[in-house]
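What follows is one structure encoded as structure tokens, with my remarks underneath.
The values are calculated or read from the model by the stated rules, or taken from the named source; none is laboratory data. Keep in mind that what you see is a predicted model, and the values were worked out from it rather than measured. For neighbour counting, all protein chains shown are included, and Cβ atoms are generated from backbone atoms with ideal geometry for every residue, glycine included. Only protein heavy atoms, including side chains, enter the accessible area calculation; ligands, DNA and RNA are left aside. Shrake-Rupley method; radii C 1.70, N 1.55, O 1.52, S 1.80 Å.
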Amino acid sequence: MNNGSLPVDWTFTTHGEAADNLDGTRVPLKMSDRDNRHGDYPYYGASGVIDYIDDFHFDGDYLLLAEDGANLLARSTPIAFLATGKYWVNNHAHVVTPNGNATLLYLSTHLNMRNIQDFVTGSAQPKLNQGNLNNIPIPCPPMCMQEEFDRRVNTFDLIRGKQAAAEKEVDSIFNSLVQRAFNGEL
């Protein structure tokens, strides 16, 4: 369906049509269990990595999306994030995989920019259940445009990483200069 407000080659779809949900494969671990399983594999919750354990349950690239918590509305951290490699996901984050209709980076960016308040239930503990997640409308450009978007975002992230490394080096050089100045070595 196209409501006329999108470019002619774009469509509206729902999140449930744009990607597949793997929530049924999540396995939560109690904190007491994790205390005995320290390791190198990230253990993800609703807002990202919350621990490291000795095993993984997922291997690959997936979109993780907060299922519950105040951050769904407050947005102090992103609610959707990409996970890559080997890791474990608890039952507080939806696990989404591509199905050919949208890229994970495009979906992640859209969900982090979109107001989802109308899809969140619960007053004491905000919750985005799978049914409501699957009903979120997504403007869907052609796949070639999504892939170009992904390339540009990845290039931007690479540049941002290089900039951060350069800033760190400048700080180190400045601190060295100050140290030498105070030691009378200049």
- Query: So which residues in the stretch 23-60 are within 11 Å of the chain's Cα centre (by Cα) and either over 27 Å from ALA124 (Cα atoms) or hydroxyl-bearing (Ser, Thr, Tyr) (or both)?
  - Reply: TYR44, SER47
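Conditions tested, residue by residue: (1) charged (D, E, K, R); (2) modelled with pLDDT under 90.
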site	(1), (2)
VAL120	no, no
PRO126	no, no
GLY131	no, no
ASN135	no, no
CYS140	no, no
PHE156	no, yes
GLY161	no, yes
GLU167	yes, no
GLN179	no, no
- Message: Just to be sure before I move on: is VAL27 assigned to a loop (DSSP other than H, G, I, E, B), open to solvent by less than 60 Å² (accessible area, probe 1.4 Å), on the phi < 0 side of the Ramachandran plot and of a type in the set (A, V, I, L, M) in the structure I sent?
- Response: yes
- Message: Against the definition (in contact with a Phe, Trp or Tyr (Cβ under 9 Å, 6 or more places away or on another chain), among the aliphatic types (A, V, I, L, M) and touching a residue at least 40 places away in the same chain (Cβ under 8 Å)), how does LEU29 come out, yes or no?
- Response: yes
- Could you tell me whether the stretch 100-110 includes any residue that is out of contact with any Lys or Arg (no Cβ under 7 Å at 6 or more places or on another chain), open to solvent by 10 Å² or more (accessible area, probe 1.4 Å) and farther than 21 Å from ASP150 by Cα? no
- Message: Report every pair of residues separated by at least 6 positions or lying on different chains whose Cβ atoms are under 7 Å apart, first residue within the stretch 119-139 and closer than 11 Å to GLY69 by Cα and in contact (Cβ under 8 Å) with a residue 12 or more places away in the chain, second polar (S, T, N, Q) and open to solvent by less than 70 Å² (accessible area, probe 1.4 Å).
- Response: LYS127/THR121
- Leading residue by the ranking (least open to solvent (accessible area, probe 1.4 Å)) among those in the stretch 31-47 that are within 17 Å of HIS92 (Cα to Cα) and in a loop (DSSP other than H, G, I, E, B): ALA46
- Item | Options PHE12, PHE58: the member that is under 20 Å from LEU107 (Cα atoms), at pLDDT 95 or above and surrounded by 14 or more Cβ atoms within 10 Å (Cβ to Cβ) | PHE58
- Message: Return the pair list, or none, for Cβ contacts closer than 6 Å from residues in the stretch 35-56 that are of a type in the set (Phe, Trp, Tyr) to residues that are in a helix (DSSP H, G or I), at least 6 apart or on different chains.
- Response: none
- Listed residues LEU133, LEU128, LEU186, LEU158; which is farther than 22 Å from VAL95 by Cβ and either surrounded by 15 or more Cβ atoms within 10 Å (Cβ to Cβ) or touching a helix residue (DSSP H, G or I) at 6+ places or on another chain (Cβ under 8 Å) (or both)? LEU186
- Cross-chain or 6+ apart pairs with Cβ under 8 Å, the stretch 84-106 first and on the phi > 0 side of the Ramachandran plot, then modelled with pLDDT under 95 and open to solvent by 30 Å² or more (accessible area, probe 1.4 Å): GLY100/MET143
